[in-house]
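First comes the structure, then the notes that go with it.
The values are calculated or read from the model by the stated rules, or taken from the named source; none is laboratory data. Quick caveat: nothing in here was measured; it's all calculated off a predicted structure. Cβ sites come from the backbone with ideal geometry, for glycine too, and all protein chains shown count toward neighbours. Just the protein is used for accessible areas: all its heavy atoms, side chains included, with ligands, DNA and RNA removed. Shrake-Rupley method; radii C 1.70, N 1.55, O 1.52, S 1.80 Å.
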Amino acid sequence: LIASLGDSERLEVAMVGSEGMLGMPLILGLDESPLRALVQGAGSALRMPAAALGRHLEQCPALQALLKRYLYVLMHQLTQVAACTHFHQVEARLARWLLMTQDRAHSDRLHLTHEFLAMMLGVRRAGITLAAMALQGRRLIRYQRGDITVLDRAGLIEAACGCYAADRSIYRRVITEGGALAGTS
């Protein structure tokens, strides 16, 4: 999910894969989103008209509760990315971003250019080059002409800032384990 401040000022603020969905403003009764969705890789997706989702939410309190939980996870991810962008070094942020992308792509091989990564992380292309070279020098990734291969996932987790662990933890606690939120059972 991308926040835009203009044609050239864009920043990735959250990721959605097979674990989630787009259109979360619909849960709040809104038909517009402040974010743009950008598909990064090949795969399949399911699509449902907004009106049909609204009917299902009215008829299925369990679906409504689950999507409220996911909305909470997404809000957490938005705030985590904002803090991460401000406080953490590019190398650790790149490691976090690659791990999150790998989780959603279900592959060790990712096709990502430096220019694209720079846009996603809100840094200059040169910063991505230095960070990718550092991760490659530690044999955590292999990078060649827009193709990144994760070689050492455990090492990449160690190189990532704590935001990656926080993202996985909140998802596990709220969605997988079903931790209670106010107003839900």
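Once fully extended, how much extra length lies between residue 7 and residue 108, figured as 0.36 nm per residue of separation less the alpha-carbon to alpha-carbon distance?
Result for the pair: 33.2 nm of gain on full extension.
Given the peptides 43-50, 7-14, arrange them by the average over their residues of other C-beta atoms within 10 Å, most packed first.
7-14, 43-50
How much mean residue ellipticity at 222 nm does the chain get from its helices, if each DSSP H run of length 4 or more adds -39500 (n - 2.57) and you divide by all residues, to the nearest 500 deg cm²/dmol?
Calculated from helices alone, the mean residue ellipticity at 222 nm is -15500 deg cm²/dmol.
With a point put 7 Å past each Cα toward its Cβ, work out how far residue 52 is from residue 176 in nm, to one decimal.
Taking the simple label geometry, residue 52 and residue 176 are separated by 3.0 nm.
What relative contact order, as a whole-number percentage, does the stretch 7-137 give when Cα pairs under 8 Å and 6 or more residues apart are counted?
RCO, the stretch 7-137: 34 percent.
Would you mind getting me the FRET efficiency between residue 19 and residue 124? Use the beta-carbon distance for r and R0 = 22 Å, nearest 0.05.
The calculated FRET efficiency here is 0.10.
Just to confirm, what accessible area per residue do you get for the chain at 1.4 Å probe, in whole Å²?
61 Å²
Over the stretch 33-122, what percent of the accessible surface lies on carbon and sulfur atoms, probe 1.4 Å?
Roughly 58 percent, rounded to a whole number.
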